[in-house]
Amino acid sequence: MMQDASTPTQHPQSLPTRYDARQKVMGKATYAAEFNPPETLYAWMIQSTIPKGTILSVDTSAAEHASGVVKVLTCFNAPKLPKPKIQPPATRFVSLLQTPEVHYNGEPIGLVIAKTLAEAQYASSLVTFKYQAEKPQLDFEHHLAEARMPKRANTPPKEDHGEKEEAWKRAVTVFEQTYSTPFQTHNPLEPHATVAFWVGEKLTVYNSTQYVSGDKQTLAKTFALPLENVHVICPYVGGGFGCKGSSWSHVPLAAMAAKVVGKPVKLVLDRQQMFGPVGYRPRTVQKIKLGVDGDGKFVAIKHDVIMSTARVEDFVEPSAKQTDMLYACKNISTSHKMVDMDIGVGTFQRAPGEASGTPALESALDELAYKLKMDPLELRLRNYAEIDPGKQKRFTAKHLREAYQQAAERFGWSKLNPEPGSMRDGNKLIGWGMATATYPANRSAAGAVLRLMPDGKIMVGSGTQDIGTGTYTVMAQTVVEELGVDVSRVDAKLGDTDLPKAPVSGGSQSTASVGPAVKAACAQLKLKLATLVVDDAASPHHGAQTGDLEIKDGFLVSTKSSAHEPIAEIAKRHGEIEVKGEAEPNEDVKKGMSAHSWGAVFAEVEVDESSGMVKVRRVVATYDIGRLINKTTGTNQLQGGIVWGIGFALHEESALDKVYGRISNENLAEYHVPVNRDVPEIDVTVLDIPDTKFTPQGGRGIGEIGITGVAGAIANAVFHATGKRIRHFPITPDKVLMTPKESAEA
Amino acid sequence: MNPFAYERVMDDKAAVHAIAANKDAKFLGGGTNLIDLMKDNVEHPSTLIDITRVQGLAEVSNGGAMIGALVRNSDLANHADVRKNYPLLSMALLSGASPQLRNLATTGGNLMQRTRCYYFMDTAFPACNKRKPGSGCAALTGFNRIHAILGQSEECIATNPSDMNVALAALQAEVHVEGPKGKRTIPIAEFHRLPGKTPQIDTTLKHEELITHVALPSSASEFATHSYYLKVRDRQSYAFALVSVAAGLMMEGDTIKRAALAMGGVAHKPWRKKEAEDAMVGKQANAQTFSAAAEILLHGAKGYEHNSFKIEMAKNSVVRAFSLALVGRTA
Ligand SMILES: Cc1cc2nc3c(=O)[nH]c(=O)nc-3n(C[C@H](O)[C@H](O)[C@H](O)COP(=O)(O)OP(=O)(O)OC[C@H]3O[C@@H](n4cnc5c(N)ncnc54)[C@H](O)[C@@H]3O)c2cc1C
Ligand code: SF4
């Protein structure tokens, strides 16, 4: 049954600890690479060392004779697949040893399968390829003029609202600047890992993934199998951040290897292999133009993005997306164009679009505020969007004004002296900055199953994933809330394509999609139990009306009498009781309300003028994310997002070598993310106002919004501290040192 | 990683004997650098000679002036005598790597750690004279943000990444080594080399020699009251230096009696110039004096596409480091 009860639930008692905490702390959470079916062999991926060309020949003889080696696969001997290229949904441009062409440096071009990992790795180093190299295109900046429109259909269209050019003439002040963001690599702690084995024509795959159903489809298509022949399992994920939302080459390659050798094969990527063949956030250059009238109200906004793309597949980082809806303005135009490069394919990375777009837009607003001699917060309030200005639709809910106010108060923003360089602490310049955070609220159809066991246990399952965000917790908690049973009786299961289908764990939609499905299943359970007991002479409800029965505190109770019975008793008499529930987005949203989450971020930094080093001293943020479904996991997501935002602002950059097309700093010693000392006190508050137009539980996703706004707030704080505008992220010491101060007039 | 043999030696003689017998063997200290490079196929020793149990090399003695080659970086940094007499060394060590790494890293291994040049560490880059003599230098046209601005050659622009070495250079340590023909002492200034035409050779240590100790001159303890190790890096901790400065002052009233100055992150070896130190002697300890020393030290510096900023950063950092050294211990 499709259902979406729009009755608001009362505020729940959220589970105080993560459902899966114990398993994780005990080391009992089994991740993909930890599955060891009997006789598992190890595969190692060989990657190209040129960015573009053709493999002429390969010498595998030394490798084949090396100790422990079972098989070496290259494009010259790999099994030919029924379809050379696979289309989305889940799969991207993948390299499955079907052609000798090399499309980027680091592309998978071979596989060594051996008895141990060490043997496979060593033998890989003995394989030599001869290439016919071609001239690659690797210099983004020098080809900006050749940027073209995206080819792929999933891309945001060029948005143009209002009267366009005419509007600019009405602007009293026009501000224009260019910002840029670097390539960034996801780097979840757990690398990609796949274990595959076949029993006849049936394929089982343990995979670290954000989308078990997507992998299933990809594998079925790749090997021309009926869908039901593929079983994908993923009980735990050690972080994904978007790079595990697609099935990259290694997933089918592991299955191919297992088929060839007739044994289970384990293929785990190492850290270096995480840089290139499994996606990254594209580089962007963003031109922003803002026009305001005499009151500081926008008359026109233009945000034009040029990004890098792999020549073999377009992926759009929609950095201008939020600009279409964030501030009230009648004339907004945004565009996304791309520069072809001979590099691996980019992909969704935590808050794709907003993460890279808000630093630019929010810096621009700050610059404009200074130009207007207006408080940056005031500029945002003056341009507060009551409705979505791009879509011209109402929001399901928006309490951003309250968020600004609460965060500003907690931060002490009213004490701001806007003069750059006006605050000092010893050798350090102190600066304050603020920005708006935003991320769309997404939701997809999802299913869940409930099984009430004769021993009183309740299994709740959904084919979703828990990428560390708390899906287990939300599922268990929903059962606790709906049925009133103790959490110790709940057995939550996910990450398995044998369970009812759920969407990709991306776009911050898992809680908003799976929570309602579990809630629907709980309603089904009530219905099923009621139907059973009214005809059951052994039940106190015998002869009652099904409509008069409900589940409360683990009992089936009557609303008309004092009759009640533990639900476990019913299962004892009738045997295991199974029900399913499904939920899909509200009609309101489908009909076209605009659903987004909101936040206000304030940051304080200290800058050492002598070295250019920046340290974030505190971050204060308040979010409107609908109902906070679970405090522990929710606050953790927001704080983690803010830490990511600090990394975006100050640290993260994959440095592409312009000659060879490899990421040069491809390890965690050189690819910097914040360490403990970079992370200050983070004060996160949540308004916690349910958005029941969006989901019956009132929650919107929170996995990504935490990143947005942060880098902008930090960049603005750096300006306030130093008088220097760093428009090219990350804000590293060299840039702070070498960037001249803005002239006073600007 | 290549297959390799492993052997363990229990005394210095056996260590020297074992390494002299096999030109493809390497000593294994904490392994935090060597094992990484083996995993990445950069180093391919046929045998690892584990020296971590060699007798008598894990002690700090003589008031902190005599340091065994097997003393772990954490132990050295936190040794009471070292903290008291050579706080500069302690600060430099503590600014490096992470607690876990410092718990493993040895004094000998730290002296010998190899460059972090990306092109050296990733064998998929074909051009690296240090890794493959004659193959070229990919860093020259590549992402050379962390590279050298002083003492480099057209063959190699790599830097020595160590923090400890910079402090040792400023304090004018000596490296005690033992080979088949006996023992010898190498001044720290001569221990690390400039790349020249043979960037594959990092140090003047011979293959068959074992580092046994690092000795600090007792006069260096006179810098104890006024020393500072300043490390400029991309994040607050756990990052190699963009530039670093080891600064020490011996004061007589307001006047500088002696100065110690070396820089890290700028060259293939810790960068020290006696002239820069001498120029400060007899001068007032102020920004002008420090800045003049910086100019001398940085004389002839040359940047590349991504690292020119280091010149200004280095100069600023010399001034800042001395200012903090002047404030003294409590800074
Ligand atoms: C992620 C990361 C971050 C780091 N950050 C920093 C940093 O910020 N600052 C910093 O200074 N360092 C840093 N390091 C480097 C670290 O300090 C070195 O790896 C460490 O000091 C090496 O010591 P080891 O004992 O582990 O050497 P090993 O790896 O065991 O050996 C290194 C080399 O020294 C040789 N060797 C060892 N002992 C002797 C001896 N007695 N005689 C002759 N040869 C010998 C070995 O044969 C080998 O060639 C970092 C390392 C990592 C992995
Ligand atoms: S700088 Fe030195 S180590 Fe780096 S690539 Fe050039 S030769 Fe190799």
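Some notes on this structure:
- Residue satisfying condition, being more than 11 Å from ligand 1 (Cβ to nearest atom), modelled with pLDDT of 95 or more and in a strand (DSSP E or B), within set B:Ile256, B:Ile211: B:Ile256
- Annotation: B:Ser219 fulfils all but one of (1) outside any strand (DSSP E or B); (2) within 14 Å of chain A (Cβ to nearest Cβ); (3) more than 24 Å from B:Lys130 (Cβ to Cβ); the unmet one is (2).
- Some residue of segment B:183-190 being open to solvent by 40 Å² or more (accessible area, probe 1.4 Å), touching a helix residue (DSSP H, G or I) at 6+ places or on another chain (Cβ under 8 Å) and assigned to a helix (DSSP H, G or I): yes
- Any hit, segment A:475-495, residues being touching a residue at least 12 places away in the same chain (Cβ under 8 Å), part of a loop (DSSP other than H, G, I, E, B) and either under 24 Å from A:Gln217 (Cβ atoms) or not assigned by TED's automatic domain parsing to the domain that holds A:Asp455 (or both): yes
- A:Ala300 passes every criterion in (1) outside the structural domain of A:Thr40 (by TED's automatic domain parsing); (2) out of contact with any Cys (no Cβ under 8 Å at 6 or more places or on another chain); (3) hydrophobic (A, V, I, L, M, F, W, C) apart from (2).
- Scope segment B:99-113; condition within 17 Å of B:Ala241 (Cα to Cα) and in a loop (DSSP other than H, G, I, E, B); matching residues: B:Gln113
- Hits in segment B:44-73 - residues which are polar (S, T, N, Q) and open to solvent by 30 Å² or more (accessible area, probe 1.4 Å): B:Ser46, B:Thr52, B:Gln55, B:Ser61, B:Asn62
- Taken over segment A:242-284, the residue count meeting the criterion of being within 15 Å of A:Val212 (Cα to Cα) and among the aromatic types (Phe, Trp, Tyr) is 1.
- Subset of segment B:113-144 (residues that are under 28 Å from B:Ala260 (Cα atoms) and either more than 11 Å from chain A (Cβ to nearest Cβ) or surrounded by fewer than 24 Cβ atoms within 10 Å (Cβ to Cβ) (or both)): B:Gln113, B:Arg114, B:Thr115, B:Arg116
- When B:Asp202 is tested against the conditions (1) charged (D, E, K, R); (2) near ligand 1 (Cβ under 10 Å from one of its atoms); (3) more than 16 Å from the chain's Cα centre (by Cα), the lone failure is (3).
- Candidate set: segment B:123-163, residues that are within 28 Å of B:Ser98 (Cα to Cα) and among the charged types (D, E, K, R); chosen: the one nearest to ligand 2 (Cβ to nearest atom): B:Lys130
- Hits in segment B:5-25 - residues which are surrounded by fewer than 20 Cβ atoms within 10 Å (Cβ to Cβ) and either within 8 Å of ligand 1 (Cβ to nearest atom) or β-branched (Val, Ile, Thr) (or both): none
- Taking each residue of segment B:102-119 that is closer than 19 Å to B:Ile149 by Cβ and looking for partners that are within 6 Å of ligand 1 (Cβ to nearest atom) and aromatic (Phe, Trp, Tyr) with beta-carbon atoms closer than 8 Å, six or more apart or interchain, yields B:Arg116/B:Phe240.
- Here the condition is being among the aromatic types (Phe, Trp, Tyr) and away from ligand 2 (no atom under 16 Å from the Cβ); of B:Tyr118, B:Tyr86, it holds for B:Tyr86 alone.
- Candidates B:Leu94, B:Leu76 - the one that is open to solvent by 10 Å² or more (accessible area, probe 1.4 Å), touching a helix residue (DSSP H, G or I) at 6+ places or on another chain (Cβ under 7 Å) and closer than 23 Å to B:Ala321 by Cβ: B:Leu94
- Evaluation of B:Ile157 against (1) in contact (Cβ under 8 Å) with a residue 60 or more places away in the chain; (2) closer than 30 Å to B:Thr289 by Cβ; (3) away from ligand 1 (no atom under 16 Å from the Cβ) (one fails), failing number: (2)
- Residue identified as open to solvent by less than 70 Å² (accessible area, probe 1.4 Å), over 30 Å from A:Tyr211 (Cβ atoms), free of Cβ contacts under 8 Å to residues at least 40 places away in the same chain and not assigned by TED's automatic domain parsing to the domain that holds A:Cys234 among A:Gly426, A:Gly421, A:Gly431: A:Gly426
- Pairs are defined by a Cβ separation below 8 Å, a sequence spacing of at least 6 or placement on different chains, a first member in segment B:34-50 that is more than 13 Å from every other protein chain (Cβ to nearest Cβ), and a second member that is surrounded by 18 or more Cβ atoms within 10 Å (Cβ to Cβ) and basic (Lys, Arg); the pairs so defined are B:Leu34/B:Lys26; B:Pro45/B:Lys26; B:Thr47/B:Lys26; B:Leu48/B:Lys26; B:Ile49/B:Lys26.
- Matching residues, segment B:38-53, being within 16 Å of ligand 2 (Cβ to nearest atom) and over 19 Å from B:Ile19 (Cα atoms): B:Asp40, B:Asn41, B:Val42
- Among the residues of segment B:193-228, those identified as in contact (Cβ under 8 Å) with a residue 24 or more places away in the chain, open to solvent by 50 Å² or more (accessible area, probe 1.4 Å) and within 16 Å of ligand 2 (Cβ to nearest atom) are B:Arg193, B:Leu194, B:Lys197, B:Gln200.
- Lone qualifier among B:Ser90, B:Ser61 - being within 19 Å of B:Pro217 (Cβ to Cβ), more than 8 Å from ligand 1 (Cβ to nearest atom) and free of Cβ contacts under 8 Å to residues at least 12 places away in the same chain: B:Ser61
- Matching strands (runs of 3 or more DSSP E) fully within segment A:541-618 where at least 2 residues are open to solvent by 10 Å² or more (accessible area, probe 1.4 Å) and within 14 Å of chain B (Cβ to nearest Cβ): A:596-608
- The sole residue among A:Thr732, A:Thr695 that is over 29 Å from B:Asn144 (Cβ atoms) and either of a type in the set (Val, Ile, Thr) or crowded, with 22+ Cβ neighbours inside 10 Å (or both) is A:Thr695.
- Of the set (1) of a type in the set (Ser, Thr, Tyr); (2) within 30 Å of A:Phe275 (Cβ to Cβ); (3) more than 14 Å from chain B (Cβ to nearest Cβ), all apply to A:Thr635 but (2).
- Residues satisfying the stated conditions in segment A:651-666, i.e. of a type in the set (A, V, I, L, M) and at the interface with chain B (Cβ under 7 Å from one of its Cβ atoms): A:Ala655, A:Val659
The values are calculated or read from the model by the stated rules, or taken from the named source; none is laboratory data. Owing to the predicted nature of the structure, the values given are computational and were not obtained by experimental measurement. Backbone-built Cβ (ideal geometry, glycine too); neighbour counts: all protein chains shown. Areas reflect the complete protein model, heavy atoms only, side chains present, ligands, DNA and RNA absent. Shrake-Rupley method; radii C 1.70, N 1.55, O 1.52, S 1.80 Å.
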